[in-house]
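See below for the structure under consideration.
FYI, it's all coordinate maths here, none of it is from the lab. A quick note: this is a predicted structure, and the numbers were derived from the prediction, not measured. Cβ placement follows ideal geometry from the backbone for every residue including glycine, while neighbour counts extend to all protein chains displayed.
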Amino acid sequence: MISPLIGPGDGHTWPVEIDVRHLRLLDAIASAGSIAKAATSLGLSQPALSAQLHRVERALERTVFERDRNGVRPTALGEVLLNHARRVLAAADDLDLAIRRFHRAPADGLLRIGALPTVFAETLSGVVASATPGRPVELLALTSRTALFSALLDGTVELALYVDHPGQELVPPDGVHVLPVGTEPVFVIVSPEHPVAGRGEVSLAELGGSAWLAVAGGDDEFHDHLTDQCARAGLGTITVQELEPMVLRQTVQRDPRAVALAQSLDSGSTMPGSVVALRGVPLRTRHLLLWRDGSAIDVPAVRSGLVLAITELAAIRHRLPEWAAANPGWLGT
């Protein structure tokens, strides 16, 4: 994470957090000369990429690209960012290549799979091992769509479990296939003093005026899904504060307006506050299996095993078991 101080020249400065994934999307847009072409190269829909660019520009309080009928071109600030971004990206790519070279020569028969770290991903290794008897399984963490597609296409992993969200659907490159596993509801954890604490289910609109919190390093796609749904619920433009897990827990405990986002299954990390479902499930996560051409893995069998394993896990770790019993059809219910 890069946190420069940017100011308008009047003595006032403010911190702006930019990480490698933001630099990569800026470079892709500049190289492609259009949002549509850049979205294709990044595996995003055009609206999803536009939303991420707007998020970066809002954080900078400056326009990075000028748009016209011929496409996009960098502003003066954009040129400065791109000049530095390309050096950072080259260094990041060198590091990534070194790590891939380390992983690329697996032991005989070793099956490497990847996953975005989630509670559901805990079940993946065992399920894949059952579907591919005789092959040891190694699980690698994949924390961005760029890393996901690169690992699949260059053979670092044969299979991956990842996620997307409504309006931020994953667009796989040629040679990569997708099989949905199921959709998970996203709940919220509110401060013990929050007005909706203790209520089993509320509408998203009832969370107006809340202080929204998320774990630092979360994916931009969910952030954009959240802000879109809040706008649809009449909450206007919200600000999501990203915090380290320990700080987030303390903030939920102390701030009566605090609202944190939560997967439907308990991760095992103690979080103070009250778990609340959102009426109509406006926030949701779709879990996906992805694999490359030529893989010998029986992916439908893996999917069936995952659904069963997640259901068994949910029986003991669902955050709202009564809600799950009353709302069948969601992953883990």
Open item on the list: Give me D174, D266 sorted ascending by neighbouring Cβ count inside 10 Å, so fewest comes first.
Closed with: D174, D266
Open item on the list: Check which residues have an amide H placed less than 5 Å from L170's amide H, if you skip close sequence neighbours.
Closed with: H165
- [ ] Work out how much length V178 to D68 would gain on full extension: take 0.36 nm times their residue separation and subtract the Cα-Cα distance, in nm to one decimal.
- [x] 36.1 nm
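Which FRET efficiency value, to the nearest 0.05, is calculated for K37 and E242 with the Förster distance at 30 angstrom and r the Cβ-Cβ distance?
Once the sixth-power term is evaluated, E becomes 0.50.
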TODO: Sort D68, D219 so that the residue with the fewest other Cβ atoms within 10 Å of its own Cβ comes first and the one with the most comes last.
DONE: D68, D219
Task: Projected label distance in nm at R254 and L308, using a 7 Å step from Cα toward the beta-carbon - done: 4.8
- [ ] Rounded to the nearest 500, what is the 222 nm mean residue ellipticity of the chain from helices alone, with -39500 (n - 2.57) per DSSP H run of 4+ residues and division by all residues?
- [x] -12500 deg cm²/dmol
Open item on the list: Explain nothing, just compute: Karplus ³J(HN,Hα) = 6.51 cos²θ - 1.76 cosθ + 1.60, θ = phi - 60°, for every residue of segment 288-304 in order, whole Hz, x for Gly and Pro.
Closed with: 10, 9, 10, 8, 9, 3, x, 5, 8, 6, 7, 5, x, 5, 4, 4, 4
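Arrange W330, W291 by Cβ neighbour counts within 10 Å, fewest through most, would you?
Arranged by neighbour count, lowest to highest, W330, W291 become W330, W291.
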- [ ] May I ask you to evaluate 6.51 cos²θ - 1.76 cosθ + 1.60, the Karplus curve with θ = phi - 60°, for each residue of segment 28-44 and list the ³J(HN,Hα) values in order in whole Hz, giving x for glycine and proline?
- [x] 5, 5, 5, 5, 7, x, 7, 5, 4, 5, 5, 4, 4, 5, 8, x, 10
TODO: Pop out the ³J(HN,Hα) list for segment 183-194 in order, Karplus 6.51 cos²θ - 1.76 cosθ + 1.60 with θ = phi - 60°, rounded to Hz; leave Gly and Pro as x.
DONE: 10, 10, x, 9, 9, 10, 10, 10, 3, x, 9, 5
- [ ] Enumerate the amide H contacts of T285 below 5 Å, restricted to partners 5 or more residues apart or on another chain; note that Pro and chain-start residues carry no placed amide H.
- [x] E184, V186
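On a full-extension model of 0.36 nm per residue, what is the gain between A91 and A326, subtracting their alpha-carbon distance, rounded to one decimal in nm?
Separation in residues times 0.36 nm, less the Cα-Cα distance, equals 79.5 nm.
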TODO: Classify the chain as rounded, prolate or oblate, taking a ≥ b ≥ c as the square roots of the eigenvalues of its Cα gyration tensor: rounded when a/c is under 1.5, otherwise prolate if a/b is larger than b/c and oblate if not.
DONE: oblate
- [ ] Mind listing the long-range amide H neighbours of E201? Cut-off is under 5 Å, sequence gap 5 or more, other chains count too, H placed in the peptide plane at 1.01 Å from N.
- [x] A277
Open item on the list: Translational diffusion coefficient of segment 247-310 at 20 °C, 1.002 mPa s, Stokes-Einstein with Kirkwood Rh over Cα pairs, in µm²/s as a whole number.
Closed with: 139
